[in-house]
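All remarks here apply to the structure that follows.
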Amino acid sequence: MSKFHAKFILTIFIVTFTLPAQAVERFINFPAIGQCTGTYVRYRSDPDTESEILGRLNAPERVVVFGQTAVDGEVWYEIGNPHGQDSAFVFGKYIRPLFNTTSQQSTIHKLIFDILMEYGLTEEHDDYDGPNVKRKYDKAGNLVKIEAWREGCTFGDISIGDGVNKLEEVIGTPEHWDEEEWNYELEGVMITFQLKNGKITRMIYEEE
């Protein structure tokens, strides 16, 4: 084998095994929503493998991520304790952002975060105490659909009865819209605002 061919093969090997690491998504801002990627993943009282085990997570369970810290060169995430009032810590490699790096920088991402936090994030931790709404959860207990139509219901800063000017102010104008419906999409999430006379009458959050 010539030196040229050997160098070429080595280059292909390096590129092939470097790209996946570069493609790993990271959290842009905190707090954020993360998703567990492992099975029986321990979360602890402190960012230390010797600290108290408070519970376990299983994919694709979701958690609120408040921040990160490095211990001996390894990343730990501080999360909302799924089974308690205090925060907890989980080894970073088992938690990924719910949305990719680009999506996290959008105004729609902020709205999605606000919606999921407002309505409870998971079936087990349903903290919403506003007007009645319809909700649907997946097999892992993650909130995947919300239908709100009663006066007083909100999606983040947007409420039933607001006009389209409020939508433009908060999240901008969608690519596709008409006088009866405005739709916003982000990585498999659709947020629909149904309108009558320019006012919001129903709001729907739905994941594929």
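Some observations on this one:
- Phi-derived couplings, Karplus 6.51 cos²θ - 1.76 cosθ + 1.60 at θ = phi - 60°, listed residue by residue for the stretch 100-106: 6, 4, 5, 4, 4, 8, 8 Hz, with x used for Gly and Pro.
- Extreme residue, positive dipole direction of the chain, given options I171, H83, L186 (C-beta unit charges): L186
- Amide H partners (placed H, <5 Å) of V144, local residues excluded: K136, Y137, D138
- Rounded to the nearest whole Hz, the Karplus-based 3J(HN,Hα) values (6.51 cos²θ - 1.76 cosθ + 1.60, θ = phi - 60°) of the stretch 55-71 follow the sequence x, 9, 10, 9, 4, x, 4, 9, 9, 8, 9, 8, x, 9, 9, 9, 10, with x at glycine and proline.
- Amide H partners (placed H, <5 Å) of T101, local residues excluded: R26
- Proximal charge balance of I158 [Cβ under 10 Å; K/R count +1, D/E count -1]: -3
- 3J(HN,Hα) along the stretch 135-145, derived from phi through the Karplus expression 6.51 cos²θ - 1.76 cosθ + 1.60 where θ = phi - 60°, amounts to 10, 9, 10, 7, 5, 7, x, 7, 5, 10, 8 Hz, with x in place of Gly and Pro.
- Rg ratio (alpha-carbon, reference 2.2 N^0.38 Å) - the stretch 34-81: 1.08
- Surface accessible to a 1.4 Å probe, per residue, for the residues of the chain, Å²: 60
- Restricting the GluC sites (Glu not before Pro) of the stretch 90-162 to loop positions (DSSP other than H, G, I, E, B) with no more than 16 neighbouring Cβ atoms within 10 Å leaves E123, E124, E151.
- Rounded if a/c under 1.5, otherwise prolate or oblate - the chain, Cα gyration tensor axes: oblate
- Protection proxy ranking of 28-37, 159-168 - average other beta-carbon atoms within 10 Å, highest first: 28-37, 159-168
- For the stretch 50-208, the relative contact order is 15 percent, taking Cα pairs closer than 8 Å that sit 6 or more residues apart in sequence and dividing their mean separation by the residue count.
- Of all accessible heavy-atom area on the chain, the percent that carbon and sulfur account for (1.4 Å): 49
The values are calculated or read from the model by the stated rules, or taken from the named source; none is laboratory data. These numbers were taken from a predicted model, which means no experiment stands behind them. Methodologically, a virtual Cβ is constructed for each residue, glycine included, from the backbone with ideal geometry; neighbour enumeration extends over all protein chains shown. Each accessible area value is taken on the protein alone, full model and side chains, heavy atoms only, with ligands, DNA and RNA left out. Shrake-Rupley method; radii C 1.70, N 1.55, O 1.52, S 1.80 Å.
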